[in-house]
Structures are given as structure tokens and as C-alpha cells.
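Written out below as C-alpha cells is the structure these notes cover.
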């Protein structure tokens, strides 16, 4: 499967994106809005739920949803429950404390994730061709896409994470999706404006070393991350997507 995540998606995609434009919106809000517009009623499993930005937004937008979050940080997990309770949504949010790639998880037809922008230290220490170098997003798709109950996986990604090419993260997500029988589409594809005080801009030197060929825009002109060098307060855009992996018929035979 071949995609073109750095240009307006073409006819090879299974569904045209809802938006392909400059966006200043918070990534968690964007992911939650896209998922809320399409997911079926029931339980949504969120991997890496953090302090609840995606989960709480989903619960606010859809009264027929319940979210089970998985979060490795006990501090973040507690904060998400506190915030949900304060908003009157606590009865529809449950958080499992632990590593999502290790802990036992409940069955859920829809899975959502807004994974870390950068690899972990464990990623850097792993051998180049080991499963640990596959990248969190691809590893997540491989593990949870194999579950019988999973019919939809929604992930927010900066496009250098490796949708159809690896950029050093290992197996592209499109390849994993095809292996598991999922169709892949981009319900949202656009350019993320990076502010001069953001953590993304602070990480640019590391991003440029890891993904020198990844696309960007500076002052409206196309660029590669490896060419940026020092970027001051000039407008900087990095492409990002909400990726949907959909299995028309789940492994348990339930038509979606």
C-alpha cells in the first residue's frame, strides 16, 4: 500500500480527508473530533491516555461512549480521573495503570492513540532491526490489530513517524496494516503550525538528525528537517495526520 502523506491525498486513499489545510488546533482536540464523528457507540480504548485530553473530549462530544485509558504514569492517570470527575464525566472513564504493550487489556472495537513525538531511550538502545525499533505506533498497530475485537485503530501522528515509509522507525504503519488486513485512510491530513516556544521546536535538532528527509515548511517554502538548522521565530509547519486503520469485518465475524 502506498500513500502520499506529505501532499493532498490522492485517489489511492480509501476515504478523502475531512480537512487538508493549515491548522493551529490542539492535536488532542483534532484527534478526538475526528474519532467522535465516526466511531460507533460503546467502549473506546485509549493507549497512552496521559492527563485525559483525548478521553475527556471524546466523552464530552459523545454521551454514548465509554473510554478505558491505559497510562504508564500514575500521576497522569490520577489527573485524568480528577478532571473527568470534575466535569461530571468520571462514571464513563476508567484508567488502567501500566505499559500498554505489556498489561492485559479489555476487548474494545475501537482503539485511539496520540503517541509520543520522539522515540524513547529504549528505542535508541535497541538493535537496529529488532522489534523494539519498530516505533511505538507501528508496534501498537501490530499488537492490537491482531486482537479479535479490534475493528478500528485511530492514531494521531506527525508524518515522519512512518505512515508509508520508515524514516528510521522500522516497519511503516501501512505495511503493518496490510499484513493484518486493515484498510488505511487519513480522515485528517494537514500542516501543524509550530510555535517558537513549543516543545516540538525545542526538539528540532534531534528531529533533524533522526528524520533529515522529512517534510516541513518554513516561511511558506518547502523544506526538509535536515536542512533547517537553527530556526528562530519564523513560521514553521510540520505535516501531521489522523490515521484510521479499519477492518470491515472484525476477526470475530462482526460486520462493522
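The numbers here are math on the coordinates, done by the rules we state, and not lab data. What you are looking at is a predicted structure, and each value in this text was computed from that prediction instead of being measured. Neighbour counts run over all protein chains shown; Cβ positions are idealised from the backbone, glycine included.
So how far apart, in nm, are the two label points at residue 79 and residue 146 if each is 7 Å from Cα heading toward Cβ? Distance between label points: 3.3 nm.
Spin-label model, residue 213 to residue 91: label points 7 Å out along the Cα-to-beta-carbon direction sit 5.4 nm apart.
Potential lengthening of the chain between residue 101 and residue 234 amounts to 44.0 nm, from the contour at 0.36 nm per residue minus the alpha-carbon distance.
Subtracting the Cα-Cα distance of residue 179 and residue 227 from their residue separation scaled by 0.36 nm leaves 13.8 nm. Does region 152-228 come out rounded, prolate or oblate, given a ≥ b ≥ c as the square roots of the eigenvalues of its C-alpha gyration tensor, rounded meaning a/c under 1.5 and, failing that, prolate meaning a/b above b/c? Prolate, since a/c reaches 1.5 and a/b exceeds b/c.
Within 10 Å, count the other beta carbons around each residue, average over each peptide in 144-152, 52-60, and list them highest first.
Values: 144-152: 18.8, 52-60: 23.8.
Result, highest mean first: 52-60, 144-152.
Summarising the label geometry, the points placed 7 Å from Cα in the beta-carbon direction at residue 200 and residue 248 lie 3.5 nm from one another.
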